[in-house]
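Okay, so here's the structure we're looking at.
The values are calculated or read from the model by the stated rules, or taken from the named source; none is laboratory data. Since the structure is predicted, the reported quantities are computational estimates derived from the model, not experimental observations. No Cβ is skipped: glycine too gets one built from the backbone with ideal geometry, and neighbour counts run over all protein chains shown. Accessible surface is based on the protein model in full, side chains and every heavy atom, while ligands, DNA and RNA are left aside. Shrake-Rupley method; radii C 1.70, N 1.55, O 1.52, S 1.80 Å.
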Amino acid sequence: MKSYQRILSGVRPTGHIHLGNYLGAIRNWAQMSLETKEQLFCIVDQHALTTVVDSENLKENTRTIAAAYIACGIDPKKSAIFAQSHVSAHTELSWYLSCFAPLGWLNRMTQFKDKAGKNKENANLGLYAYPVLMAADILIYKATHVPVGEDQKQHVELARDLAGSFNSYYKKEIFPLPEPIISKETARIMSLRDGTKKMSKSDVSDYSRIHLLDDADTITLKIRKAKTDSDPIPSSKEGLQNRPEAENLMGIYSALSAENIDALCSEYSGQPFSSFKNALTEILIESLRPIREKMQHLLQHPDELDKVLYDGADIANLLAEKHIKEIREVLGMIPRR
Ligand code: AQP
């Protein structure tokens, strides 16, 4: 069993938490948390502000993600689960790191280019600077490992570069260089409406994703409406090439059942997608039922959920305050009273 020193990761509370967040991230974090000495799982509400402004939704989404962490197997007694905005050292360190971040490094961030699109001049500064805040999220805890999806690898590399340049400028090993952990088995789940786009909280269509809080009827309807093509199921994985929607549905089944896609193809070979969709609906309902029920229970007790967040923030603040004091001193600030 691999053992990590301190891991940190987070989800943006920008909308309904979905199957992609679960299979691509949170399920692995819960597994990794069994193999790690210290774990911090953040709900990055300040990052959400780069796209979301509705304050009531932000509160609800933040609690829902906390509930999802717990329901997916992250134990709040062993891991600090907290809201980013409850630990003000994140934004303080973000400013210090900003003063070390050459614009050239930020200009290379592909996610900004993707998210800002053609409307770059109107994109907000927060969206541009968010990799620096993400570096601060990681470095404020001296996290050694950061489990992320492939799309976030570049941002963890930026955190490494910033840590290295800070350490060498002050000739002191202030930050360990964090390593991204990108699991090869991590499933990348695509939209149910367009197999070339990833399943995403911010997609306008609810039918593009399975929410972790969807009930059996909703899952049934969404899978029935999920886009496929008119060809039957091929006899092997190769036959799924250039069939992104078909590949995605089989990938979801495989991620939930641990049955490989070749085995699935030979089992359903020649059949229309409608019969496979029945099996997929069934496994989705059964796999997500315990998560949904636990989330619903937790969400009915918001005070208990907030207590988890407050307790998690206490642990996070202890670590962060210790480190930010050390950083202020290195920077040359007069110590506070
Ligand atoms: N479709 C996906 N398949 C696999 N993994 C995914 N993740 C997100 N979508 C998929 C992983 O979930 C973690 C948390 O993601 P996030 O909320 O911080 O940011 P995101 O990647 O931008 O997620 P969304 O759902 O697409 O949100 P919006 O719409 O707000 O941008 C990350 O580890 C991510 O890789």
With label points built 7 Å along Cα→Cβ from the Cα atoms of ASP151 and ALA123, find their separation and express it in nm.
1.4
Taking a crude spin-label model, label points 7 Å out from Cα along the C-beta direction, the ASN107 to ILE182 distance in nm is 2.4
Let me know the volume per residue of the alpha-carbon convex hull for the range 1-69, in Å³.
83
Please identify every one of the trypsin sites (Lys or Arg not before Pro) in the range 108-145 that sits in a loop by DSSP and has no more than 16 other beta carbons within 10 Å of its own beta carbon.
ARG108, LYS118
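Considering only protein heavy atoms and a probe of 1.4 Å, how much of the accessible area of the chain is carbon and sulfur, as a whole percent?
Numbers: 8440 of 16770 Å².
Carbon and sulfur: 50 percent of the exposed surface of the chain.
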Rounded to the nearest Å, the spacing of the alpha-carbon centers of the range 55-69 and the range 267-337 is 10
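For the chain, what does the relative contact order come out to in percent, with C-alpha contacts under 8 Å and a separation of six or more?
Details: 507 pairs, mean separation 74.4, N = 337.
After rounding, I find 22 percent.
Please give the net charge around HIS16, taking every other residue with its beta carbon less than 9 angstrom from that of HIS16, where Lys and Arg add +1 and Asp and Glu add -1. Please list the in-between numbers first.
Values: positive: LYS201, ARG209; negative: ASP206, ASP214.
Summing Lys and Arg as +1 and Asp and Glu as -1 gives 0.
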Quick one: which residues, 5+ away or cross-chain, put their amide H under 5 Å from the amide H of TYR4? H built at 1.01 Å from N.
THR36, LYS37
For ASP311 and ALA279, extending 7 Å from Cα along the Cα-Cβ vector and measuring point to point gives, in nm, a value of 4.2
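Need one word for the range 256-337: rounded, prolate or oblate. Basis is the Cα gyration tensor (sqrt eigenvalues a ≥ b ≥ c); a/c below 1.5 gives rounded, then a/b vs b/c decides. Don't skip to the answer; put the middle values down first.
Working: a/c = 6.51, a/b = 2.38, b/c = 2.74.
Cα axes put the range 256-337 in the oblate bin.
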How far is the Cα center of the range 160-190 from the Cα center of the range 199-226, in Å?
34
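Where in the range 86-156 are there GluC sites (Glu not before Pro) that are in a DSSP coil and have at most 15 other Cβ atoms within 10 angstrom of their Cβ? Show your work: numbers first, answer last.
Details: sites: GLU92, GLU121, GLU150; in loops: none.
When the GluC sites (Glu not before Pro) of the range 86-156 are filtered for loop state and at most 15 Cβ neighbours within 10 Å, nothing remains.
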For a test of the definition: using alpha carbon positions, the gyration tensor, and the 1.5 limit on a/c, classify the range 173-251 as rounded, prolate or oblate.
oblate
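Using mean Cβ contacts within 10 Å as the protection proxy, how do 29-36, 50-57, 330-337 order, highest first? Kindly include the intermediate steps, with their values, before the conclusion.
Details: 29-36: 17.9, 50-57: 12.6, 330-337: 8.5.
Highest-to-lowest ranking by the protection proxy: 29-36, 50-57, 330-337.
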Low-density loop chymotrypsin sites (Phe, Trp or Tyr not before Pro), the range 143-185, at most 16 other Cβ within 10 Å, DSSP non-H/G/I/E/B, are TYR170
Quick one: of the DSSP bridges fully inside the chain, what percent are antiparallel, nearest 5?
10
Taking 0.36 nm per residue of separation between GLU92 and ASN57 and subtracting their Cα-Cα distance, the length gained on full extension comes to 10.0 nm
Checked against the positive end of the charge dipole of the chain (+1 on Cβ of Lys and Arg, -1 on Cβ of Asp and Glu, about the Cα centre), the farthest of ILE291, GLY24, ALA320 is ALA320
Under the definition of Cα pairs under 8 Å and six or more residues apart, what whole-number percent is the relative contact order of the range 206-297?
38
Can you list residues whose amide H is under 5 Å from GLU179's amide H, if they're 5+ apart or on another chain and H is modeled 1.01 Å from N?
HIS145, VAL146
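Compute the Cα gyration tensor for the range 206-297, then decide on rounded, prolate or oblate, letting a ≥ b ≥ c be the square roots of its eigenvalues: rounded whenever a/c is under 1.5, prolate when a/b is larger than b/c in the other cases, and oblate in all that remain. It would help to have the intermediate numbers written out before the result.
Details: a/c = 2.39, a/b = 1.80, b/c = 1.33.
Note, shape of the range 206-297 comes out prolate.
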Potential lengthening between GLU238 and SER168 on full extension [0.36 nm per residue; Cα-Cα distance subtracted]
20.3 nm
Between their Cα atoms, which of LYS153/LYS322; LYS115/LYS153; LYS142/LYS325 are more than 19 Å away from each other?
LYS153/LYS322
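Expressed in nm to one decimal, what extension gain is obtained for the pair LYS37 and GLU259 from 0.36 nm per residue of sequence separation less their Cα-Cα distance?
Here the answer is 76.8 nm.
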